[in-house]
Amino acid sequence: MVKPICSFFSKTNACKHGDDCIKSHSIRHTSPCIVLKSLYLFPDVDLKSTLDNFEKILHTEIFFEDIFTEISLGYGQISQLFIAANSCRHIAGNVYIQFKDVECANNAIAGLSKRTYYYTEIKVERGAMIDISEAVCGDYLKGFCTKKGECSYVHPINISKRLLVDLYQSQYMLYSQTKKIRH
């Protein structure tokens, strides 16, 4: 008997039922997406955090910039990257990355599976999705998700537009220069 596909896992690489889920959790081997599981401890869900709002934003943006830069320089051009702000344990702190192509995702999986980030082993998985936007909660984007941090779809952490523009423009300049040098 063929199990039906778990819609939560197929969009988020996470399911609150884990291995006990009665539905199928399958990975697309041609996905340009990867998920770094529980890599970021978001200060809003850290009960020990004493950071004020400005410090939380700074903490998050430093992490985002560090991960974006490290991954882009090491493994290839990033199309999208976001971090889950959810408090539910199967999504909390997950970093979702969509590369320009599958080869970059393959390189990242091979390279990151042997690494740590601030003394934490990086748990990297191939994405079950083709586009990481599928993981995001539509109600959250509209401002009215009733499940809050316990939602089984991703609530991305807000990153300043300025930082996003700076990172993506820098990456574009790097990869457009690299193409010119190769040709």
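Select from region 60-77 the residues that are in a helix (DSSP H, G or I), surrounded by 18 or more Cβ atoms within 10 Å (Cβ to Cβ) and not aliphatic (A, V, I, L, M) and list them in ascending order. Correct list: Thr60, Phe63, Phe64, Phe68, Ser72, Tyr75. Quick check on Ile57: is it in a helix (DSSP H, G or I) and either without any contact (Cβ under 8 Å) to a residue 40 or more places away in the chain or β-branched (Val, Ile, Thr) (or both)? Criteria met by Ile57.
Considering only residues that are out of contact with any Cys (no Cβ under 7 Å at 6 or more places or on another chain), closer than 25 Å to Asn106 by Cβ and of a type outside the set (Gly, Ala, Ser), look in region 1-18 and name the one that is surrounded by the fewest Cβ atoms within 10 Å (Cβ to Cβ). So that I can check it myself, show each step before the final result.
The first filter runs over region 1-18 and keeps only residues out of contact with any Cys (no Cβ under 7 Å at 6 or more places or on another chain), leaving 1-5, 7, 10-14, 17-18.
Then drop every residue that is not closer than 25 Å to Asn106 by Cβ, which leaves 5, 10-14.
If we keep only those that are of a type outside the set (Gly, Ala, Ser) too, we end up with 5, 11-13.
Working: Ile5: 13, Lys11: 21, Thr12: 28, Asn13: 26.
Restricting to residues being out of contact with any Cys (no Cβ under 7 Å at 6 or more places or on another chain), closer than 25 Å to Asn106 by Cβ and of a type outside the set (Gly, Ala, Ser), the top hit is Ile5.
Mind checking which residues of region 153-174 are of a type in the set (A, V, I, L, M, F, W, C) and more than 18 Å from Leu141 (Cα to Cα)? Explain how you work it out, then say what you get.
Initially, region 153-174 is screened for residues of a type in the set (A, V, I, L, M, F, W, C), giving 154, 157, 159, 163-165, 167, 173-174.
Those that are of a type in the set (A, V, I, L, M, F, W, C) and more than 18 Å from Leu141 (Cα to Cα): Leu163, Val165, Leu167, Met173, Leu174.
Selection within region 1-41: residues that are under 19 Å from Ile83 (Cβ atoms) and in a strand (DSSP E or B). The member of this set that is farthest from the chain's Cα centre (by Cα) is Cys33. In the set (1) closer than 22 Å to Arg28 by Cβ; (2) touching a residue at least 40 places away in the same chain (Cβ under 8 Å); (3) part of a helix (DSSP H, G or I), the condition left unmet by Ile97 is number (3). For Gln80, the conditions (1) among the polar types (S, T, N, Q); (2) surrounded by 13 or more Cβ atoms within 10 Å (Cβ to Cβ); (3) at pLDDT below 95; (4) in contact with a strand residue (DSSP E or B) (Cβ under 7 Å, 6 or more places away or on another chain) all hold with the exception of (3).
The values are calculated or read from the model by the stated rules, or taken from the named source; none is laboratory data. The model shown is predicted, which means the values in this text are computed figures rather than measured ones. Every residue, glycine as well, gets a Cβ built from its backbone with ideal geometry; the counts of neighbours run over all protein chains shown.
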